[in-house]
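What follows is a short report on a single structure.
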Amino acid sequence: MTRARWAVFGMAALLGLYLVVVLGYALRLIGDPLPIVQGMGWALVVFPLLGFWALVVELRFGFRAEALARRLEAEGGLPDDELPARVSGRVEREAADAIFARYALEVQQHPESWQRWFRLALAYDGSRDRRRARWAMREAMRLERAAPPAIPPGASAR
């Protein structure tokens, strides 16, 4: 398992522990005779539930994106662009922007291709535009779900 995956599981475990502690405290507050304290207790029930929902949504997004990356890699479609990086490891912005233009043009030419949207998401990420990277990744996921299942090589279509 990669370090990033361990980090995700570690953060999820810490958030889970936090949610359990807050929920326990909330239940104590709900048992208090003062209505204002009970209201605070109910608020502490709602907020951990929202936190848990957000955690599940983020984990689903991450696992789905990882599955698409594995599938694209198996198809030989992952970009192999070698971008120059600074000493810190960050990709040089100008190089990422140049690659981005190529992938944006591919998406314009083939807007129904989840593979091209996935590569565009990677280009957005390389350009450090996280919001658009997530948007493009969601579009890739939506298109992949809507696509008919691929026929494995050597299998006949009936």
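Values quoted throughout were computed directly from the atomic coordinates according to the rules given, and no laboratory measurement underlies them. Computed from a predicted model, the values in this text were never measured in an experiment. Virtual Cβ from ideal backbone geometry, glycine too; neighbours counted across all protein chains shown.
At q = 0.10, 0.12, 0.13, 0.21 Å⁻¹ the log10 of I(q)/I(0) for the chain amounts to -0.57, -0.72, -0.79, -1.31, computed by Debye summation with a single uniform scatterer per C-alpha, solvent ignored.
Computed over the chain, the per-residue total of -39500 (n - 2.57) for DSSP H runs of n ≥ 4 gives a 222 nm mean residue ellipticity of -25500 deg cm²/dmol, rounded to 500. When the GluC sites (Glu not before Pro) in the stretch 8-97 are filtered for DSSP coil states and for at most 11 other beta-carbon atoms within 10 Å of their beta-carbon, the remaining sites are Glu75, Glu82. In this simple spin-label model, placing a label point 7 Å from the Cα along the Cα-to-Cβ direction at both Arg128 and Ala43 gives a separation of 3.7 nm.
Fully extending the segment from Leu83 to Leu105, taken as 0.36 nm per residue of separation minus the present Cα-Cα distance, adds 6.0 nm. Counting other Cβ atoms within 10 Å as a rough exposure proxy, the listed residues Met40, Met137, Met11 run Met11, Met40, Met137 from fewest neighbours to most. In this label model, Val21 and Leu34 are separated by 2.3 nm, measuring between points 7 Å along each Cα→Cβ vector.
Take every Cα pair under 8 Å whose residues are at least 6 apart in sequence, average their separation, divide by the length of the stretch 1-47, and the relative contact order is 29 percent. Full extension of the chain between Ala67 and Ala147 yields a length gain of 27.3 nm, computed as 0.36 nm times the residue separation minus the alpha carbon distance. The distance between label points at Glu75 and Ala4 comes to 1.9 nm (points 7 Å beyond Cα on the Cα→Cβ vector).
Each 5 Å bin from zero up to the one holding the largest Cα-Cα distance in the stretch 3-74 carries the following percent of pairs: 3, 16, 18, 17, 13, 10, 9, 6, 4, 3, 1, 1, 0. Gain on full extension, evaluated as 0.36 nm per residue between Ala12 and Leu59 minus their Cα-Cα distance, stands at 16.0 nm.
Take the convex hull of the alpha carbons in the stretch 93-146; its mean projected area over all directions comes to 3.0 nm².
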